[in-house]
Amino acid sequence: MLELLLPLHGIGGRGDLPVPLWLAIYSAGAAVAVSFFALAAFWFQPRFEVTVGRPLAWLTRVVDARPTRWLLKTVGLLALALVLGAAWFGNPEPALNPAPTWLYVWIWVGIIPLSLICGPIWRPANPLRTIAGLARRTSYRRLPDGIAYWPAVAGLAGFLWLELVYPDGSEPLVVAIFVGMYAIVNVAAGIVYGPAWFGIGDSFEVYAEVLGRLSPFGRGTDGRLELRNPLAGLATLPQQPGIVALLCLLLGSTAFDGISRWSAWTRRTGELSRTQHLVVYTLGLIAAVAIVTGLFLLAARTTGSARIRSGVVGAAGLPGAFVHSLVPIAIGYAVAHYFSFAMFQGQEGVLLATDPFGRGWDLLGTNGMRIDYAFLSTGFIAGIQIGAIVLGHILGVVSAHDRAAELFRRRELRQAQYPMLAAMVAFTAGGIALVTAS
Amino acid sequence: MIALHMGGVPETAMVLGPILLIVAFIRIARRNEAGLPDDDQDDCDADLGDLPTEAKETARRP
């Protein structure tokens, strides 16, 4: 399927932009810079650190009611069973099996709008939690110190390697093995360490929870659902080294995905043997993640030249203090990168679902229908791509500035953020070049 | 409009506009910063509760 997806992924190209590429990159970078200086001129107090949302008692009652919980658990279990069943027992041809599309489009891309709109919904529906919960235990082993989020980073790295590097990552059998192994490891860890494991070790739940911080719906300190400013929710992201690694991995992998579609890259790597492909693509992925991580750590640590208010910085130092600003940027990149892919390839998930197990069924009556490529123009897609990246970075700049207003003295507030501004402008320009250049 | 485009006016405006905006915002920010107290006394935002120890002691003296 990967071969099928490649031409669709990032379908908006240079020719679809309403302005020259250099002007698009300049304007996007300028929008971020102008936003920053406007904030520097008018915004001196942290506003998101103390904001409290409006409690939604009725919604909390509905969501926490036993029938709702059971419904969410059932939907989660059914989804897992369908993916595994189709991958193991469905058509062995990637183009005729819905499981790869369900995993790479519906779940991996769909988790973004789902978490942004519904907030913390993945956790109650997580089928791995449900399965692990069936093994009743009186006590659980304590999670090792300092392990928080690192297992999730490792799992995410494995998934991204499968998606972006491994040439057979879209084979149904490979999907079946990956999902099966992932489920076994996480359920086993969940039985040993208890439900706390999934909050720090299950990559998909951790990813969904991170995205959900930017949702207008979230849980307050008392556990009740509340309607809040999304940026105030974002400011509650844990300041942990594992979260910094997770977001840098997401940004770096998206950058590598863009680079690996450049004609300059494909020309040089098109004739490689399988082993060479694995080595070159793996090194490329590592290099992209390392560059993004290095740039962010450098920018965050350089801000440390200014004096910092005591007691504000958490366990991950200044990178941890600013890591929440990477979340809207990561979402902007993901929307820019996956929008056309999800809109077109996502239809394939419905069309193939009519016969999930390759038995000649036509459950949905869609047999013989084809993907509709005409419902979105390439110009519209290019606009969404650039708009998502610019909006993501502006929200990132606002979040970073608000945190800086808490960290730095007013006299140093503007200048202390120059390194972070430079990194944001570089990310913006690089992001647009990656999704639009060919 | 065609004449404007051929002269590159929209492109020039797109390039110069943000620069002028940034210059204006920097001037406002500098003007605001000029009115701030010295670094040692700065920030002293009661909500954040990080008033320097010296300032607190000074305030308590009769």
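The values are calculated or read from the model by the stated rules, or taken from the named source; none is laboratory data. What you see is a predicted model, and the numbers here were worked out from it, not measured in a lab. Every residue, glycine among them, receives a Cβ derived from its backbone with ideal geometry; neighbour counts consider all protein chains shown. Side chains are part of the model used for accessible areas, which takes the heavy atoms of the whole protein and leaves out ligands, DNA and RNA. Shrake-Rupley method; radii C 1.70, N 1.55, O 1.52, S 1.80 Å.
What to note about this one:
- Based on every Cα atom in region A:257-378, Rg and the maximum pairwise Cα distance Dmax equal 22.2, 68 Å.
- Applying 1/(1 + (r/R0)^6) with r as the Cβ-Cβ distance of residue A:69 and residue A:301 and R0 = 45 angstrom yields a FRET efficiency of 0.55.
- 222 nm mean residue ellipticity, helices alone, for the protein assembly as shown (DSSP H n ≥ 4; -39,500 (n - 2.57); rounded to 500): -20500 deg cm²/dmol
- Average beta-carbon neighbours from other chains, 10 Å sphere, peptide A:35-45: 5
- 10 °C / 1.306 mPa s Stokes-Einstein diffusion coefficient of the protein assembly as shown, Kirkwood radius on C-alpha pairs, µm²/s: 64
- Of all accessible heavy-atom area on region A:30-83, the percent that carbon and sulfur account for (1.4 Å): 72
- Hydrodynamic radius by Kirkwood, which averages 1/r over all alpha carbon pairs of region A:27-116, in angstrom: 18.1
- Solvent-accessible surface ranking, highest first, for A:226, A:171 at 1.4 angstrom: A:171, A:226
- Membrane-span-like helices in chain A, defined here as complete DSSP H runs extending at least 30 Å along the helix axis by their C-alpha atoms with mean Kyte-Doolittle hydropathy no lower than 0.0, are A:21-42, A:66-89, A:172-193, A:274-302, A:326-353, A:378-407; this is a sequence and geometry rule, not a statement about a membrane.
- Taking every alpha-carbon pair under 8 Å whose residues sit at least 6 apart, region A:313-438 reaches a relative contact order of 35 percent.
- Peptides A:423-429, A:115-121, A:230-236, ordered by how many other C-beta atoms sit within 10 Å of their residues on average, highest first, read A:423-429, A:230-236, A:115-121.
- Annotation: peptides A:87-95, A:267-275, ranked by per-residue average of other Cβ atoms within 10 Å with the highest first, follow the order A:87-95, A:267-275.
- Database remark: amide H of residue A:227 closer than 5 angstrom to the amide H of A:54, A:56 (H placed geometrically; neighbours at sequence offset of 5 or more, or on other chains; Pro and chain starts carry no H).
- Cβ-Cβ FRET estimate between residue A:88 and residue A:47, R0 fixed at 60 Å, reported to 0.05: 0.75
- Surface accessible to a 1.4 Å probe, per residue, for the residues of chain A, Å²: 43
- Sequence-separation-based contact order of region A:232-384, relative, with Cα cut under 8 Å and 6+ spacing, percent: 28
- Gained length - residue A:312 relative to residue A:361, 0.36 nm times residue gap less alpha-carbon distance: 11.7 nm
- Total accessible area lost when B and A pair, probe 1.4 Å, Å² to nearest 100: 2200
- Heavy-atom surface analysis with a 1.4 Å probe gives region A:219-371 a carbon and sulfur content of 61 percent of its accessible area.
- Charge dipole (the protein assembly as shown, unit charges on Cβ, about Cα centre) - positive-most of A:46, A:140, A:104: A:140
- When you restrict to C-alpha pairs under 8 Å that are six or more residues apart and normalise by the size of chain A, the relative contact order lands at 29 percent.
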